[in-house]
1. In the stretch 58-86, how many residues are more than 30 Å from SER243 (Cβ to Cβ) and either within 9 Å of the ligand (Cβ to nearest atom) or among the basic types (Lys, Arg) (or both)?
2. Restricting to the stretch 1-31, and then to whatever is more than 30 Å from ARG316 (Cα to Cα), surrounded by fewer than 17 Cβ atoms within 10 Å (Cβ to Cβ) and touching a residue at least 12 places away in the same chain (Cβ under 8 Å), can you tell me which residue is farthest from the ligand (Cβ to nearest atom)?
3. Going by what's in this entry, would THR239 be described as polar (S, T, N, Q) and either open to solvent by less than 40 Å² (accessible area, probe 1.4 Å) or closer than 19 Å to VAL347 by Cβ (or both)?
4. Out of the helices (runs of 4 or more DSSP H) lying entirely within the stretch 52-146, which hold 3 or more residues that are in contact (Cβ under 8 Å) with a residue 12 or more places away in the chain and either open to solvent by 20 Å² or more (accessible area, probe 1.4 Å) or basic (Lys, Arg) (or both)?
5. Mind listing whichever residues of the stretch 178-216 are farther than 26 Å from ALA76 by Cα and either away from the ligand (no atom under 11 Å from the Cβ) or open to solvent by 10 Å² or more (accessible area, probe 1.4 Å) (or both)?
6. Could we say that LEU244 is within 16 Å of the ligand (Cβ to nearest atom), out of contact with any helix residue (DSSP H, G or I) (no Cβ under 6 Å at 6 or more places or on another chain) and of a type outside the set (S, T, N, Q) here?
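The values are calculated or read from the model by the stated rules, or taken from the named source; none is laboratory data. The structure presented is a predicted model; accordingly, all values stated were derived computationally and were not measured. Every residue, glycine as well, gets a Cβ built from its backbone with ideal geometry; the counts of neighbours run over all protein chains shown. Accessible surface is based on the protein model in full, side chains and every heavy atom, while ligands, DNA and RNA are left aside. Shrake-Rupley method; radii C 1.70, N 1.55, O 1.52, S 1.80 Å.
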Amino acid sequence: MDQLEVRVPGPTPLPPQVRQALSRPMVSHRSQAFRDLLHGLDLRIRPMLGTQQEVLFLTASGTGGLEAAICNTIEAGDRVLSLSTGYFGERFAGIAARYGAKVDYLRARPGATVDAGAVAARLSTASFRAVLVTHSETSTGVLNPVGEIARVVNEASNRPLLLLDGVSSLGAVPLAMDTLNVDVVVTASQKAWMTPPGLAMVALSDRAWERASGCTSPRYYFDLAAARDSAPRGETPWTPGVSLLYGLEAALGLMEAEGFERVTARHLRLAARVREGLVQLGFSLVAAPGFESPTVTAAYLPAGVEAHQLTACLERDFGIQIAGGQADLKGRIIRIGHMGYIGEDNVTNLLRSIESALALIREEVR
Ligand SMILES: *Cc1c(COP(=O)(O)O)cnc(C)c1O
């Protein structure tokens, strides 16, 4: 295969316009050309996060963005409530624990979401500095009900900060950050934003900024106050991934041309097609009905087929890369990313290829 089709839940395919932008000549990151670029990106991403807060750009993968969210708001001894629905929820909580937080967990079994009522009950038992939630849990293909969770967090006495991992949702799933009072939002370039890995985008509420100024956790590269101080000048405190920012600019152009509402509707439509197609082929979905992520689908395999057989056959014979499970779900499921630069034809080809791969595997077994 000369060209692989990447259908993992990040990194995602790059549109030709983005690939071209990535190869633009370098410019100084202390120049007017760069200032215009950074200002423009900030203003254009805000509506897709539902915020009027400044969007900050960190040269880091999504995990770097999560670490920035934690180390600017959480310090040793803080009580934190983790609403963990899988591998990425555990990662977010693990970062908080590493910074010395006392982490309480409300966990859901794979495919389920955390119930807002249970969150309210837990919040009434103690005072928490923050609640951590994953928007789209990429390990199970579940979309957590951020609106409901935000409501109970807002109603809690001693209202904690609400920190959201929106790495695999934002850019494809709308969020009303300001209306819902979400305090820290994190996303990353290589998921729905159609840009290579390496950029994390972070936005903070006024309350989160206030907390950051008093937070004693050590931080240097990820000190968001430094990023905020540089932003009005159209600069970043350290040398940024200039090419990635050009790529993101091109990607935003495509999203704006399509219209953000159409982008989100396309993701819903394609996700439904992937789920229906997989069920028809004998898979069963990990996500509970009504909580399916529009960007990633996880599924248990039909009887007699192993996850590694399917992923290997798809790559070898059809040039398509999909992902397996993580942690406890390793070897038990497949995961498909359908976010960013993807259309109807890609889904048709994907489902046909999976059907053919299943037939090939069963033939080999017989
Ligand atoms: C991809 C992803 C991350 C970040 O992973 P990196 O490899 O550090 O970019 C974090 N959270 C979720 C939900 C993700 O899907």
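1. 2
2. At the first step, the residues of the stretch 1-31 found to be more than 30 Å from ARG316 (Cα to Cα) are 21, 24-31.
Filter again for surrounded by fewer than 17 Cβ atoms within 10 Å (Cβ to Cβ), leaving 24-28, 30-31.
So of that shortlist, the ones also touching a residue at least 12 places away in the same chain (Cβ under 8 Å) come out as 24, 26-27, 30.
Values: ARG24: 24, MET26: 24, VAL27: 26, ARG30: 27 Å.
Among them, the one singled out is ARG30.
3. Numbers: polar (S, T, N, Q): yes; either open to solvent by less than 40 Å² (accessible area, probe 1.4 Å) or closer than 19 Å to VAL347 by Cβ (or both): no.
So THR239 fails the test.
4. 87-98, 116-123
5. The initial filter retains those residues of the stretch 178-216 that are farther than 26 Å from ALA76 by Cα, namely 178-180, 188-199.
Correct list: ASP178, THR179, LEU180, GLN190, LYS191, TRP193, MET194, THR195, PRO196, PRO197, GLY198.
6. Values: within 16 Å of the ligand (Cβ to nearest atom): yes; out of contact with any helix residue (DSSP H, G or I) (no Cβ under 6 Å at 6 or more places or on another chain): yes; of a type outside the set (S, T, N, Q): yes.
Against the criterion (within 16 Å of the ligand (Cβ to nearest atom), out of contact with any helix residue (DSSP H, G or I) (no Cβ under 6 Å at 6 or more places or on another chain) and of a type outside the set (S, T, N, Q)), LEU244 qualifies.
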